[in-house]
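Each remark here refers to the structure printed beneath this line.
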Amino acid sequence: QTCALPIWELPLVRHPRPTMAPRTIRVGSFCTGLDGAWQALEQLGLDDRCRHAFACDICPNVREMLKHNFEGLDDKNVIPDVVKARTADIPRCDLLSGGFPCQPFSLIGKGEGTDDPRGTVVYKIIKYIREARPKAFFLENVSGLVTQHKETFENILKALRGIKGADGSSYYKVVWTQVNTKDHGVAQSRPRCYIVGYHEEAKRDSFQWPAPVKMRPLERFLDPIKGAKGILPSSGVKRSNLRILHKKIKAKGGKLGKDPYVGDVQSSPSFGAHLTLGYSPCLTRSRAGNGGHWLFNRNREMSTRDMLRLQGLGAIRFRLPAKNGVRMSERKLRQMIGNAFSVNIVVRILSRLLPAAGLRSEE
């Protein structure tokens, strides 16, 4: 009962190594987090033909993590704040990613949309796209952007499609969809909206969204069962929710310690403790950072390695930076994992987006 292979070696994300176009791909990212776009390029075997143009994240811990773990990212091209940065000063790139802030659009947040200053960050990203003209981009956000903030979503699409070329036609082909991580092989329920744009200089096969693939068993993503019994979380809220969920499992006829139930034991009374069977609930900054997901067939909280795999990131590869001799806590890394892209999704999108934009050719 082990995860025998890292996620990038599982059949569902294995891709033939492509023949690259001659040019090096310059990769830029806003709201970079753990740099899911670069992680996807690594899994596709393309990182040796790419280089970091820039990264940008408002969180100082994330910036230190990026500079400590990714060659080509340093004080010169890791930008603190996209809103304050002059667009003309941001390096140009060929491939751009942006996981712009989701809190204003999340169903579990206040839902203030563009009344929340974070809800307007996407328009600064669009301004960069308009001026820098990357060959391809993808933007990611929660599904609430589509379902609860339709006017903002339509304005985003209109602004992207309104970028014109020299002949007055739309410079980018812009498409969007909603996808769930568990519908693309990895056992986490994480519904997200993706917006993809690419510029066609010559006739090529158009971008096509990847078809769903079968979800791998949850066990493939978890550390081995080590038989630790009687573990209880330190938080009273978690212990109370754990008792509630024990009763729910028994009422369903489930077997504690055997069936792959995952419980949200950190939820507030208004949200309510809840269960999933055979896959993880959505990893969030709060849940990941505070050990909010409980594995009932292991009688423990989800580990950092579990979370990395359930985000398509594979086994631990991140080195924790230190400041004044004090190493960054693993809790901060977990928070970043909760905010990250599901890399399995990005792998499948980029394998189709790069050829459509002429950034690679197929063998």
message: If I ask for residues that are hydrophobic (A, V, I, L, M, F, W, C) and over 30 Å from the mean Cα position of the chain (by Cα), which ones from region 250-283 would you list?
response: Ala251, Leu256
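Keeping to region 260-285, report how many residues are at pLDDT below 90 and either surrounded by 20 or more Cβ atoms within 10 Å (Cβ to Cβ) or polar (S, T, N, Q) (or both).
Step one: filter region 260-285 for residues at pLDDT below 90, giving 266-274.
Then drop every residue that is not either surrounded by 20 or more Cβ atoms within 10 Å (Cβ to Cβ) or polar (S, T, N, Q) (or both), which leaves 266-268, 270, 273.
Of the residues in that region, 5 qualify.
For residues that are closer than 20 Å to Cys59 by Cβ, among the aliphatic types (A, V, I, L, M) and part of a helix (DSSP H, G or I), scanning just region 335-345, find the one that is farthest from the chain's Cα centre (by Cα). So that I can check it myself, show each step before the final result.
Here is the first cut: in region 335-345, the residues closer than 20 Å to Cys59 by Cβ are 335-343.
Adding the requirement that they be among the aliphatic types (A, V, I, L, M) leaves 336-337, 340, 343.
Going one step further and asking which of them are part of a helix (DSSP H, G or I), we end up with 336-337, 343.
Values: Met336: 10, Ile337: 8, Val343: 6 Å.
Among them, the one singled out is Met336.
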- request: Note down all Cβ pairs under 9 Å where the first residue falls in region 45-63 and is farther than 14 Å from Leu73 by Cβ, the second is part of a loop (DSSP other than H, G, I, E, B) and aliphatic (A, V, I, L, M), and they're at least six residues apart or on different chains.
  value: Leu46/Met20; Arg49/Met20; Arg49/Ala21; Ile58/Val82; Ile58/Val83; Asn61/Met328
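Here is a yes/no grid of residues against (1) assigned to a helix (DSSP H, G or I); (2) crowded, with 24+ Cβ neighbours inside 10 Å:
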site: Trp294; (1), (2): no, yes
site: Asn297; (1), (2): no, no
site: Gly312; (1), (2): no, yes
site: Arg317; (1), (2): no, no
site: Leu320; (1), (2): no, no
site: Leu333; (1), (2): yes, no
site: Arg352; (1), (2): yes, no
query: Only one residue in Gly98, Gly113 is touching a His at 6+ places or on another chain (Cβ under 6 Å) and either of a type outside the set (Ser, Thr, Tyr) or modelled with pLDDT of 95 or more (or both). Which one?
result: Gly113
- prompt: Restricting the search to region 299-310, which residues are open to solvent by 20 Å² or more (accessible area, probe 1.4 Å) and closer than 14 Å to Lys238 by Cβ?
  reply: Asn299, Arg300, Glu301
query: Only one of these conditions is not met by Asp35: (1) under 19 Å from Gln311 (Cα atoms); (2) acidic (Asp, Glu); (3) modelled with pLDDT under 95. Which number is it?
result: (3)
In region 201-259, the residues that are open to solvent by 70 Å² or more (accessible area, probe 1.4 Å), charged (D, E, K, R) and modelled with pLDDT under 90: Glu201, Lys203, Arg204, Asp205, Lys226, Lys229, Arg239
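The values are calculated or read from the model by the stated rules, or taken from the named source; none is laboratory data. Because the structure is a prediction, the values reported are computed rather than measured. Cβ coordinates were reconstructed from backbone atoms using ideal geometry, including for glycine residues, and neighbour counts include every protein chain displayed. Protein only, heavy atoms only, side chains kept; ligands, DNA and RNA dropped before computing areas. Shrake-Rupley method; radii C 1.70, N 1.55, O 1.52, S 1.80 Å.
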